[in-house]
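Written out below as structure tokens is the structure these notes cover.
The values are calculated or read from the model by the stated rules, or taken from the named source; none is laboratory data. Source: prediction; values computed, not measured. Glycine gets a Cβ as well: all are built from the backbone with ideal geometry, and neighbour counts include every protein chain shown.
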Ligand code: SF4
């Protein structure tokens, strides 16, 4: 049963100060609480040694502080790790840790399921169950620190250095909670993952893009996948509402983009669908005037899907055209595909608890 008490990880530092004052406490207590939770990794108020016993008990009377249950912890042969988290109401999401040589990105989810039904994406075959709360988004970062034993370590010794919002769900359909959670994750006295190390990926919720740049200033990624409206309407159906010229216009005006901080355009390579040389040339034409770089993603299969991945030669030819035009086009290595943790493969087995809206 979900607790009736709010979890303390749902509050920004300012909100926490207000809550403490409402309890008759001094707001200076925010500092030890914040340090205990986000630097030391406390999972119980009694573990925050810099608080008096009286204050520990008072906080425990009014708030919860715990962790989501890890139902499954899978490790891929390439070191990618996938966690299935269960929340108190029984719903589940996946998050994926992708370690690299000297850093690593934690891919987190923002919704249980997704409304957008992109046809190449496994998550898109789930119905939307609900948005994640602030606590549930932050929980994914706390869980990674727990599992990687990174509490109290110097940032340079941590694997979880970056966050990407590319897991289950469309983050801009849950903007308020995503925004608050990212402010908590970015706080320099806590988890301290800077805006330059966070990437938010959207399928193209155009009216929200400017707010992401102004309010959060994080890196932006666009799930593009097609360069003509007719095909994009099919692959990424939100395109019917916000067609390419509107989406690319919002990217051109994105406040947090610069030469040094380019917008990433994700492009899944689907054999015979979107992978011709003509598509590559049209992509170059469409990106003009945008601080852009392109990630080419070899499509990752999932059961029942109607697509095939483009051949290696085709992907390389596509990349060459983009590179020759002066844009970077990285061919993304598939990570974690043996545990269904690769891009577009996430789908929690929470469907047993799906409620249709
Ligand atoms: S690609 Fe993203 S927005 Fe599209 S269905 Fe999958 S999770 Fe949803």
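Structural remarks
- Here 192, 104, 167 are screened, and the one residue that is more than 12 Å from the ligand (Cβ to nearest atom), in contact (Cβ under 8 Å) with a residue 24 or more places away in the chain and under 25 Å from residue 269 (Cβ atoms) is 104.
- Within segment 184-207, tally of residues that are surrounded by 19 or more Cβ atoms within 10 Å (Cβ to Cβ), over 15 Å from the mean Cα position of the chain (by Cα) and assigned to a helix (DSSP H, G or I): 0
- Residue check for residue 105: closer than 29 Å to residue 156 by Cβ and assigned to a strand (DSSP E or B): yes
A quick yes/no check of all residues on (1) closer than 23 Å to residue 14 by Cβ; (2) more than 16 Å from the ligand (Cβ to nearest atom); (3) in contact with a helix residue (DSSP H, G or I) (Cβ under 8 Å, 6 or more places away or on another chain):
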{"position": "31", "(1), (2), (3)": "yes, yes, no"}
{"position": "37", "(1), (2), (3)": "yes, yes, yes"}
{"position": "68", "(1), (2), (3)": "no, yes, yes"}
{"position": "98", "(1), (2), (3)": "no, yes, no"}
{"position": "130", "(1), (2), (3)": "no, no, no"}
{"position": "144", "(1), (2), (3)": "no, yes, no"}
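- Residue 212 being crowded, with 18+ Cβ neighbours inside 10 Å, within 16 Å of the ligand (Cβ to nearest atom) and within 23 Å of residue 281 (Cα to Cα): no
- Filtered residue count, segment 152-164, keeping only those that are within 16 Å of the ligand (Cβ to nearest atom) and assigned to a helix (DSSP H, G or I): 0
- Filter result for residue 139 (in contact with a helix residue (DSSP H, G or I) (Cβ under 9 Å, 6 or more places away or on another chain), modelled with pLDDT of 90 or more, assigned by TED's automatic domain parsing to the domain that holds residue 192 and buried (at least 23 other Cβ atoms within 10 Å of the Cβ)): yes
- The selection criterion, being without any contact (Cβ under 8 Å) to a residue 40 or more places away in the chain and either within 16 Å of the ligand (Cβ to nearest atom) or not in a helix (DSSP H, G or I) (or both), holds for residue 149.
- Every test in (1) under 21 Å from residue 229 (Cβ atoms); (2) crowded, with 16+ Cβ neighbours inside 10 Å is passed by residue 289 save one, and that test is (2).
- Segment 115-128 - residue that is out of contact with any helix residue (DSSP H, G or I) (no Cβ under 7 Å at 6 or more places or on another chain) and in a loop (DSSP other than H, G, I, E, B) and, of those, farthest from the ligand (Cβ to nearest atom): 127
- Residues satisfying the stated conditions in segment 221-237, i.e. closer than 18 Å to residue 297 by Cβ, assigned to a helix (DSSP H, G or I) and within 23 Å of the chain's Cα centre (by Cα): 232, 235
- The listed residue being crowded, with 19+ Cβ neighbours inside 10 Å, within 16 Å of the ligand (Cβ to nearest atom), touching a residue at least 12 places away in the same chain (Cβ under 8 Å) and assigned by TED's automatic domain parsing to the domain that holds residue 256, out of 226, 181: 226
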